[in-house]
Amino acid sequence: MAIDPICGMEVDESTAKYVSEYKEKTYYFCAPGCKHTFEKDPEAYIGANRMPFISMDEVPSE
C-alpha cells in the first residue's frame, strides 16, 4: 500500500485511479482533490521538509 502524500490515507497501487509521476517516482492518491493539490506544488508534499498531512475536509474537491 502507498500513502497519499496529501492526506496520509493508504492507497492500493494496483487499483489506484489517481496517479501522478514526479521526478521519476509514482505517487498515488485517494481522490482527485489530493492529486490536484499535489500537482500544483509537489515539492511541498515530499521530502524531509514536507508539509503536514491535510485533513480530507480541507482538500479541495477538484
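Numbers below:
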{"item": "Residues satisfying the stated conditions in the stretch 21-50, i.e. part of a helix (DSSP H, G or I), within 8 Å of the chain's Cα centre (by Cα) and not hydroxyl-bearing (Ser, Thr, Tyr)", "result": "CYS34, LYS35, PHE38"}
{"item": "Pair list, Cβ < 9 Å and 6+ apart or interchain, from the stretch 22-33 residues that are free of Cβ contacts under 8 Å to residues at least 60 places away in the same chain to residues that are exposed (fewer than 11 other Cβ atoms within 10 Å of the Cβ) and not in a loop (DSSP other than H, G, I, E, B)", "result": "TYR27/GLU21; CYS30/GLU10"}
{"item": "Identity of the residue in the stretch 14-49, loosely packed, with under 14 Cβ neighbours inside 10 Å and of a type in the set (A, V, I, L, M, F, W, C), that ends up farthest from MET1 (Cα to Cα)", "result": "ALA48"}
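Values quoted throughout were computed directly from the atomic coordinates according to the rules given, and no laboratory measurement underlies them. None of these values were measured; they are calculated from a predicted model. Every residue, glycine as well, gets a Cβ built from its backbone with ideal geometry; the counts of neighbours run over all protein chains shown.
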